[in-house]
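To start, the structure itself, in structure tokens.
The values are calculated or read from the model by the stated rules, or taken from the named source; none is laboratory data. These figures come from a predicted structure and were not determined experimentally. Cβ atoms come from the backbone with ideal geometry, glycine included; neighbour counts cover every protein chain shown.
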Amino acid sequence: MPYEWTMASITTRQLAAMAGCSHATVSLALRNHPRISEATRKKIVDLASASGYSRDPLVSTLMTQLRTTRRNRATEKLAFLTLWDTRDGWRKGHQDTSAFQRACVRAEELGYEIEEFWAKEPGLNAKRLTKILYTRGIRGLLLSTLPRPSGHFSLDWSHFATVTTGSTLLKPDLHRVVHSQFQGMSQLLHELRHLGYRKIGFTSLVDQSERSNQGWLARFLLHNQRQPAALRVPPLIVPKWSPTKALQWIEKHEPDVIVSNIEDPLHLLRDAGFRVPKEIGYASLDRILPGDPYAGIDQLRGEMGAVAVELLISLLEGNQYGLPTHPRMVHVTSEWKPGPTVRRIRSDVTGS
């Protein structure tokens, strides 16, 4: 957030005289505006600091409101860059569309408008995309998740404030809003133990585990380590879903509930004749729709989209452009949603 420096014994006009520049230059420099060179900004900030200036939060809030009011007379645009192989590839999953829709709503509430750009359009390279965005006066970028983990994307970042969601973009390291898969698994394990489940199994796909930055797996392995040997179920993480391998894993280890971010285990249990949840339960790490017919964790993708917009606007308000020296990672917590695929199997238990 931009801020105003104040001190009763000296004014910004006096500071400008001391620095040998205009009052406007001092004001912009103290707000870290990109129009001011780094050398001039450092000179003024150092001078302000030496003079004993301190932030006045009331003045800062007022000035932010005044600038926002002026800007809102002509709604400023934010760009939503999609990085999928096709223009509408990202729309196939409710996760990304939910985040996008909520981001649009939150942006409008704050006086902004989001416009979609397909960053992988044929013939569109990083230089041309940078020029298009800059010419359009767009300074804030929201990057979509990528279709595959550990992705890279290039742009002249110096012109933009940028936020992404999820963990699929590896380089560059940007400010990002993510669901904490570690916390989500913790919450799910707690709820299942509270219901009385003790022998818990976890299965997923290799690429899905990588997309989660191994957060689910890390927390499950910690859970397993704390379990008595007789209650430990090794995780089943496979490159491609295999009903045969999964069934062998179930028959060998006999979990009383299976947790996963995919629905395949639930379909397998029913196809194999297991009575869910009487004989074995199922809980999802990624319960997407309100009407999904199973228990699990809602990652609150819509909330992630809204928080990403709020973070991006705070960067714009603070004139923080370019690649961050210390990227921020904002975690959005999840919610447990009960469902018909789990049941209470013991009453004398406590969560952990």
Return yes or no: is Thr130 outside the structural domain of Lys245 (by TED's automatic domain parsing), touching a helix residue (DSSP H, G or I) at 6+ places or on another chain (Cβ under 9 Å) and part of a helix (DSSP H, G or I)? yes
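If you take the residues in segment 154-198 that are among the aliphatic types (A, V, I, L, M) and assigned to a strand (DSSP E or B), which one is farthest from Pro338 (Cα to Cα)?
Just the residues of segment 154-198 that are among the aliphatic types (A, V, I, L, M), to begin with: 155, 161, 163, 169-170, 174, 177-178, 185, 188-189, 192, 195.
Now drop any that are not assigned to a strand (DSSP E or B), which leaves 161, 163, 169-170, 177-178.
Working: Ala161: 39, Val163: 32, Leu169: 32, Leu170: 34, Val177: 26, Val178: 23 Å.
By that ranking, first place goes to Ala161.
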Just checking, does segment 272-282 include any residue being buried (at least 18 other Cβ atoms within 10 Å of the Cβ), under 24 Å from the mean Cα position of the chain (by Cα), among the β-branched types (Val, Ile, Thr) and assigned by TED's automatic domain parsing to the domain that holds Gln187? no
Residues satisfying the stated conditions in segment 177-201, i.e. small (Gly, Ala, Ser) and either at pLDDT 95 or above or more than 23 Å from the chain's Cα centre (by Cα) (or both): Gly184, Ser186, Gly196, Gly201
Being closer than 18 Å to Leu141 by Cβ and of a type in the set (Ser, Thr, Tyr) is the filter here; which residues of segment 91-112 pass it? Tyr112
Got a number for residues in segment 112-155 being more than 21 Å from Asp85 (Cα to Cα) and exposed (fewer than 15 other Cβ atoms within 10 Å of the Cβ)? 6
Mind telling me which of the residues Asp271, Asp292, Asp264 ends up being at pLDDT below 95, farther than 30 Å from Trp157 by Cα and of a type in the set (Asp, Glu)? Asp292
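Please verify whether Phe100 is out of contact with any Phe, Trp or Tyr (no Cβ under 6 Å at 6 or more places or on another chain), among the aromatic types (Phe, Trp, Tyr) and in contact (Cβ under 8 Å) with a residue 60 or more places away in the chain, treating the condition exactly as stated.
Yes, satisfied.
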Can you say whether Leu174 is of a type in the set (A, V, I, L, M), closer than 20 Å to Ala99 by Cα, touching a Pro at 6+ places or on another chain (Cβ under 7 Å) and at pLDDT 95 or above, as far as the supplied structure shows? yes
Give me a count of the residues in segment 21-68 that are among the polar types (S, T, N, Q) and modelled with pLDDT under 75. 8
In segment 248-271, which residues are surrounded by 15 or more Cβ atoms within 10 Å (Cβ to Cβ) and over 16 Å from Ser284 (Cα atoms)? Trp249, Ile250
